[in-house]
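Please treat every number below as a calculation from the coordinates, not as lab data. All values derive from a computational prediction rather than experimental measurement. Cβ sites come from the backbone with ideal geometry, for glycine too, and all protein chains shown count toward neighbours.
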Amino acid sequence: MGFVKTRDEDETANLIWSDSAVQQEKIAELRNYQKAPGETRAGADQIYYILENDYYIEAAGALNLMQYFKTTLTIEVSKVLLLGCWLNKLVTVYLLYQMIKCQPQEYTFIPRTWIFPAEYTQFQNYVKELKKKRRQKTFIVKPANGAMGHGISLIRNGEKLQAQDHLIVQEYLDKPFLMEGYKFDLRVYILVTSCDPLKVFLYHDGLVRMGTEKYHPPSDSNLSQLYMHLTNYSVNKHNEHFERDETEDKGSKRSIKWFTEFLETNNLDVSKFWNDISELVVKTLIVAEPHVLHAYRMCRPGQAPGSDSVCFEVLGFDILLDRKLKPWLLEVNSFKQM
């Protein structure tokens, strides 16, 4: 039957072959017919995606590991951190989105998300459905390769977005839990200490990062007030109302330790809070598990599984709490200044 070589921009191609890394945008734009169905094992349908350097995700079956994770005091993941590939925002969203489609009941901690330009049509169809129902949503728009709050904006008219832009578009969570009238998020730290098997420890402290303008639900008149809607330190530190304080219970940046004491004082369940955070972290790392194991072993050919670790990593999970104290994953960071 043979193969016919096509140009890079040919969207009808069935197979991407490269001796170097494929651009993440190209991965995100793969069509259904460019994904190869795998075999069924142990009664679970498993889907393999053509990804860079043979990386794949076993979407179904990965959740079986959850029963082990839930019984441990520290989070011990059976494989390894996804290092560079995992920390690309576009790839993170793409992998989580695939898991959402397979296990929607388990992955309810991620806002509804679209990756542009690949999912531009799906987004516009959703906007049209909202219009028919006379409902209006606010969306937060992020550059696919952005960081530290750069280039983020809020919109209410999704029809204005352009198809050719490389963006991540999410439904804006407009009912956050507030502190003293301000919106905030949590920076939760995860320490990865060994690989294959990898051990991950959840640090029971971290940062509470607060907005610097009193929060009001999004409206056409306040969409541009990013000090109200965004909690990024890199954004809010430029506001004249940003409060720098050396103590952990005051100012625009506080500690999670202080926050959990606040929860206890107000008779809120701190144990459930940490359990929910732990589950979010575990389910997020599960998505990366097959990719990382492959990458790690490729770097250490001939080494027996379980041999001494040669790497470690610190990750920062940015998490928003809604008014019911449900945690929502915003993104995962590895920047050293976090």
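Overview of values
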| read-out | value |
| --- | --- |
| Cβ-based charge dipole, segment 178-261, positive-most Cα from 247, 210, 234 | 234 |
| Cα gyration tensor shape for segment 99-210, rounded if a/c is under 1.5, else prolate or oblate | prolate |
| Shape category assigned to segment 196-261 from the gyration tensor of Cα positions, a/c cut at 1.5 | prolate |
| Rounded, prolate or oblate (a/c below 1.5 giving rounded, otherwise prolate when a/b exceeds b/c) for segment 139-189 by Cα gyration tensor | oblate |
| Potential extension, residue 201-residue 124 segment - 0.36 nm per residue separation minus Cα distance | 23.7 nm |
| Cut-off 20 Å (backbone N to label point 7 Å along Cα→Cβ of residue 303), residues of segment 315-336 | 315 |
